[in-house]
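See structure below.
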Amino acid sequence: MTLSDTRGAIGGAPVTPRRGVAATAHDSWVVAKRNLRRMTRIPEIVVFGLMQPVMFVLLFSYVMGGAIAIPGAQPSHQTYIEYLMAGIFAQTVTFAVAGASAGIAEDMTKGLVDRFRSLPMSRAAVLTGRTLADLVQTAFILVVLALVALLVGWRIHNGVLDMLAAFGLLLLLGYAFSWIGALIGLSVRSPEAATSAGLIWLFPLTFVSNAFVPVSSMPDWLQPVAYWNPFSATVQACRSLFGNQLGPVPDSWPMQHAALVSVVWSLVIMAVFSWLAVRKYRRAAG
Amino acid sequence: MAAAIEAENLVKTFGDVRALDGVSLDVPEGTVLGLLGPNGAGKTTTVRVLTTLLQPDSGRATVAGVDVLKHPNEVRSLIGLSGQYAAVDEYLTGRENLQMVGELYQMSARDAKKRALELLEWFNLSEAMDRTAKTYSGGMRRRLDLAAALVVRPPVMFLDEPTTGLDPRNRIALWEVIETLVEQGTTLLLTTQYLEEADRLAHDIAVVDHGKVIARGTADELKRQIGGERIEVVVRAAGLVPEAVAALTPYAKGDPTVEKNTRRITVPVSGGARVLADAIRELDTRSIEIDDIGLRRPTLDDVFLSLTGHATEGGADEDEDGGAATARKGRRGQGKDA
């Protein structure tokens with residue numbers, strides 16, 4: 001049996017690598033396709049990715065909702081779920097960090113990253129392909145979560161365009177955070193460590209914010225931290241866009257300009273961490 | 001003949017460990033160099049440097065004439081790499097795996113698909129091509145991994161312990177594939193722990209230990225270097241040993257050695273089968289009863305032992321190959337018996 005040539009045959013001209021942005025876009029798409037296929041083969045990942053925020057919605061709104069006073073409204077399940085959902089959405093998108101970090105750590109240990117690094121492909125594509133696939137997964141989870149929220153009483157009051165803008169801000173934040181996950185995945189030694197390392201710091205980040213309780217109820221010294229938290233800006237912007245802001249917007253600069261601050265934070269995080277992660281990938285000894 | 005792979009004085013340290021301590025080698029186009037050495041000798045590190053996965057601290061290397069350090073991406077389009085552990089995505093099917101690699105080698109989607117089907121057929125994976133690689137046996141995964149390294153028909157290939165952990169049948173099947181590639185002109189750098197594998201596949205062997213190439217030559221040259229052929233006789237009874245030694249002395253090219261317990265006499269000779277026939281006749285004339293007699297040539301095992309002072313599996317203190325060593329031990333026994 002013999003192999004018939006296609007191209008790049010022995011002694012023949014090798015395939016010429018694409019260059020620059022076109023190469024990165026093409027290779028990222030190939031890797032993203034691969035990761036999306038994996039997600040359809042391991043649906044558990046998406047299912048568990050959904051269960052956590054759904055559980056939070058139910059626990060927070062039914063168990064704690066009646067006890068938490070939202071400025072401008074009486075404590076009740078109904079008012080709290082309107083307040084809560086922007087926070088839950090934002091927390092959900094940041095949990096994409098764990099997916100990216102575990103996925104990349106797994107590729108490192110299985111030798112796949114070595115395979116990719118030995119190919120004439122873009123040095124950014126393995127990470128971009130991963131973060132793009134995670135973005136698709138996050139969008140899917142957001143849609144399902146929104147439907148669940150509608151079932152338990154969440155409502156939007158400002159129309160479809162504002163809602164889409166809010167989801168845009170959320171996905172941008174999630175995409176920026178998945179680059180943090182990429183860096184973690186390249187830095188730890190095992191997929192198990194990557195999962196914990198990807199999640200653990202998200203709890204203080206998401207709780208010291210306006211996501212679950214009004215910042216005005218926190219100690220004075222903590223309030224500026226919570227207001228300047230990148231996470232709070234996105235939550236505040238979404239809350240306003242959904243029409244879920246019951247009282248006045250807190251009198252703090254990042255809250256008054258929440259959409260702008262949210263976009264700037266996301267872009268800064270994305271720029272810094274994508275640069276760090278790609279640099280790490282180039283040097284990864286595996 | 002031009003060198004398809006050339007390395008000069010490669011040095012790489014990991015902390016206190018000098019993984020590569022000045023490795024130099026060259027592989028002429030169209031030939032196979034077997035890199036032989038114990039665990040931690042620097043075989044895998046050498047391959048990782050030559051395949052652009054690892055930057056050496058110093059030294060230079062070219063593959064197909066292209067500088068590995070200056071133009072890594074050009075090198076990548078000229079090489080195929082198949083590692084110790086099968087680097088395939090187990091949640092993708094065999095076909096999807098190969099297609100993805102083709103597209104990442106910058107083939108068009110159509111060409112990548114066509115090439116994937118060809119390779120799957122050649123590697124006897126057509127029937128399993130739409131199953132995820134997770135369901136594949138070890139041998140099938142290894143074949144898929146090797147197929148992935150062949151997607152662009154690279155002129156230079158690196159196989160890092162390609163048959164480690166495979167059963168004898170799969171190992172021989174993979175050897176046949178590798179031999180076909182070499183017949184078609186591929187230059188190959190092969191690392192292995194199986195001396196038998198190096199003996200069969202490699203034109204040239206470089207023995208590596210402690211990050212250095214300590215010997216280089218064809219298998220025959222290496223064997224000759226450590227000594228020639230010898231006759232080994234096992235006599236029926238211990239009392240026959242002195243007479244047998246006397247009978248064999250005229251043919252000896254050196255001092256005979258005697259192992260009393262096993263009644264085994266070893267006599268260095270030259271002249272091959274002729275001398276053996278003469279020796280048998282002489283013993284027969286003197287009516288010395290023998291249990292066994294044969295002409296032995298040194299094996300690569302002997303070469304290895306005499307060069308490194310330890311067997312292939314020994315001294316795995318800096319085990320770059322991870323936990324594979326234990327599994328390998330058992331396997332190698334099997335391979336040698338086969």
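Each reported figure results from applying straightforward, stated rules to the coordinates on display, with no laboratory input. Note that the structure is predicted; figures quoted are calculated from it, not measured. We place every Cβ from the backbone using ideal geometry, glycine too, and count neighbours over all the protein chains shown.
Computed from the Cβ-Cβ distance with R0 of 30 Å, the FRET efficiency linking A:V148 to A:E192 stands at 0.55. Placing a label point 7 Å from the Cα of B:T299 along the Cα-to-Cβ line, the residues of region B:178-218 whose backbone N sits under 14 Å from it are B:194-200. For region A:140-243, chymotrypsin sites (Phe, Trp or Tyr not before Pro) are listed when DSSP marks them as loop and at most 14 other Cβ atoms sit within 10 Å of their Cβ; the list is A:W201.
Projected over every direction and averaged, the convex hull enclosing the alpha-carbon atoms of region B:20-114 yields 7.8 nm².
Peptide B:153-159 shows a mean partner chain C-beta count of 3 within 10 Å per residue C-beta.
The alpha carbon gyration tensor of region B:174-283 gives principal lengths a ≥ b ≥ c with a/c of 1.5 or higher and a/b greater than b/c, which makes the shape prolate.
For region B:24-117, which trypsin sites (Lys or Arg not before Pro) pass both filters: DSSP loop (anything but H, G, I, E, B) and at most 10 other C-beta atoms within 10 Å?
Details: sites: B:K43, B:R48, B:R60, B:K70, B:R76, B:R95, B:R110, B:K113, B:K114, B:R115; in loops: B:K70.
Of the trypsin sites (Lys or Arg not before Pro), the ones in loops of region B:24-117 whose Cβ has at most 10 other Cβ atoms within 10 Å are B:K70.
Send over the Kirkwood Rh of the protein assembly as shown, from the inverse of the averaged 1/r over different Cα pairs, rounded to one decimal Å. Show your work: numbers first, answer last.
Values: mean 1/r = 0.0353 Å⁻¹.
Value: 28.3 Å, from the Cα pair sum.
Separation of region B:49-67 from region A:234-286 is 42 Å, based on Cα centroids.
Write down the Kirkwood hydrodynamic radius of region B:228-296, to one decimal in angstroms, obtained as one divided by the mean of 1/r over all alpha carbon pairs.
Numbers: mean 1/r = 0.0865 Å⁻¹.
After inverting the mean inverse Cα-Cα distance, the result is 11.6 Å.
Once the Cβ-Cβ distance of A:T40 and A:A165 is raised to the sixth power relative to R0 = 25 Å, the FRET efficiency obtained is 0.25. Near the amide H of B:R264, within less than 5 Å, lie the amide hydrogens of B:E259, all on another chain or at least 5 residues away, with H placed in the peptide plane.
Under the rule of -39500 (n - 2.57) per DSSP H run of 4 or more residues, summed and divided by the residues of the protein assembly as shown, what mean residue ellipticity at 222 nm is obtained, to the nearest 500 deg cm²/dmol?
Values: 25 runs with 319 residues, N = 624.
After summing the helix terms and dividing by residue count, I get -16000 deg cm²/dmol.
Projected over every direction and averaged, the convex hull enclosing the alpha-carbon atoms of region A:227-268 yields 2.6 nm².
Hey, any idea what Rg/Rh is for region B:77-192, computing Rh the Kirkwood way over Cα pairs?
On the way: Rg = 13.0 Å, Rh = 13.9 Å.
Rg/Rh: 0.93.
Here, region A:96-189 has an Rg and a Dmax of 16.6, 52 Å when only alpha carbons are counted.
Taking every Cα-Cα distance in region A:21-283 and sorting them into 5 Å bins starting at zero, the pair-distance distribution P(r) comes out as 1, 6, 13, 18, 18, 15, 12, 8, 5, 3, 1, 0, 0 percent.
Need one value for B:72-80: mean number of C-beta atoms belonging to other chains within 10 Å of its residues' C-beta atoms. Please report the intermediate quantities before stating the final value.
Values: counts 5, 8, 4, 3, 7, 9, 4, 4, 2.
So the per-residue partner count for this stretch is 5.
Peptide B:98-105 shows a mean partner chain C-beta count of 6 within 10 Å per residue C-beta.
Relative to the 2.2 N^0.38 Å rule of thumb, chain B has a C-alpha radius of gyration ratio of 1.18.
Give the range of the longest stretch in chain A that excludes all trypsin sites (Lys or Arg not before Pro) found in loop regions by DSSP and having at most 13 other beta-carbon atoms within 10 Å.
It runs A:20-154.
Sparsely packed loop sites in region B:194-271 (the trypsin sites (Lys or Arg not before Pro) outside DSSP H, G, I, E and B with at most 13 other Cβ atoms within 10 Å) comprise B:R236, B:K253, B:K260.
Return the subset of B:K70/B:K212; A:K33/A:K110; A:K33/B:K113 for which the Cα-Cα distance in this structure is over 21 Å, preserving the input order. In this structure, B:K70/B:K212 exceed 21 Å between Cα atoms.
Can you compute the modelled spin-label distance between B:K212 and A:N158, with each label point 7 Å from Cα toward Cβ, in nm? My value for the distance between the label points is 7.3 nm.
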